[in-house]
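Here is the structure we will look at.
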Ligand code: ISE
């Protein structure tokens, strides 16, 4: 029998709290051993009802706790590098919420530290790869049953944004998922990004131009466009259409019950990403736990985190100059082949 993962969850905010409940109630082979949050009261509230779990205010303390043998990082992205480097120094399996780190230079430092360790310890939380429809479309693309994939059309709509959500965050926080999805679908690197700003909604906070249109180009010339619209009001929607030589495939449209009643028809729109991707998060975390038991990685690697950070950098530059900006990537280390 493989050893149960005793996980320290770092960060007890929205995603951290969600992962704590997931680990405690639905994931097999893992338990919450510690919850770390700078706000100790929040960490204490999060461990309530979880026998054996301790609340701490410092990530290093959790890593030094003999009862902890894995880490799940769910703090804001700017805190990831320090925790990741400490976790790598101890060689503990780590699931890190996206982004790996906020910029390509710091993400590259993580890739280099993992390379020095000589084995892959870090899985990055790009949960869409674990959504059943994303996974199924990936299979259709790889099987070539509809011929070559030619184009991808993505819609990414959020009802609103939390306070402090900057114009750059439309790329760094939101479109980062499409950068990963395009790399996942095509198995190729992205070579350029362009961002067009058109007519904007009145509903965006000051400083945000919303929506934006992002054009992505891969090595073989697959073009992917993204409508990123983060103040769409009506609810949360993530959908895509793939165009092949011999047909098209749609994923992520309206889901759930379709009801006719009282002279109307319809269903529910997801309120947010936690609800929309609940199954994908479950599958993602279970895949991480299962793969860790086999000494493997269960999903996207630190290289994927680095490559998407480089795409985000190009995207933010493209937001400013309106040009097609090349994605600059260091050569891929052998560890990730
Ligand atoms: C958020 O951080 C996510 O990761 C969601 O999946 C995305 O839809 C949203 O735009 C981001 O802010």
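Values in this text are rule-based calculations from the coordinates and carry no lab data. Nothing here was measured: the structure is a model prediction, and the numbers come from that model. Heads up, the Cβs are rebuilt from the backbone with ideal geometry, glycines too, and the neighbour counts pull from every protein chain shown.
See the values below:
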item	result
Surface/4 of the Cα convex hull for segment 179-225, nm²	3.8 nm²
Two-decimal log10 I(q)/I(0) for segment 240-311, as the Debye equation yields it once each C-alpha is a single scatterer, q = 0.11, 0.14, 0.16 Å⁻¹	-0.54, -0.79, -0.93
Space enclosed by the convex hull of the alpha-carbon atoms of segment 96-212, per residue, Å³	153 Å³
For segment 246-298 and segment 117-132, distance of Cα centres in Å	18 Å
Projected area averaged over orientations for segment 207-337, convex hull of C-alpha atoms, nm²	12.7 nm²
Additional length obtainable on full extension of the chain from residue 260 to residue 142, 0.36 nm per residue less Cα span	38.7 nm
Gain upon complete extension [residue 332, residue 296; 0.36 nm per residue less C-alpha separation]	11.0 nm
Relative packing of 145-158, 193-206, 268-281, which averages over residues the other C-beta atoms within 10 Å, highest first	145-158, 268-281, 193-206
Space enclosed by the convex hull of the alpha-carbon atoms of the chain, per residue, Å³	164 Å³
Efficiency of FRET from Cβ geometry, residue 202 and residue 119, R₀ 56 Å, rounded to 0.05	0.65
Percent breakdown of C-alpha pair distances by 10 Å bin, ordered from the shortest bin, for segment 71-131	24, 59, 17, 0
Beta bridges by DSSP in the chain, antiparallel share as percent, to the nearest 5	55 percent
Kirkwood estimate for segment 1-106, i.e. one over the average of 1/r between Cα atoms, Å	13.5 Å
Value of D in µm² per second that Stokes-Einstein yields for segment 51-94, Kirkwood Rh from Cα pairs, at 20 °C (1.002 mPa s)	195 µm²/s
Per-residue [θ]222 nm for the chain (sum of -39500 (n - 2.57) over DSSP H runs n ≥ 4, rounded to 500)	-10500 deg cm²/dmol
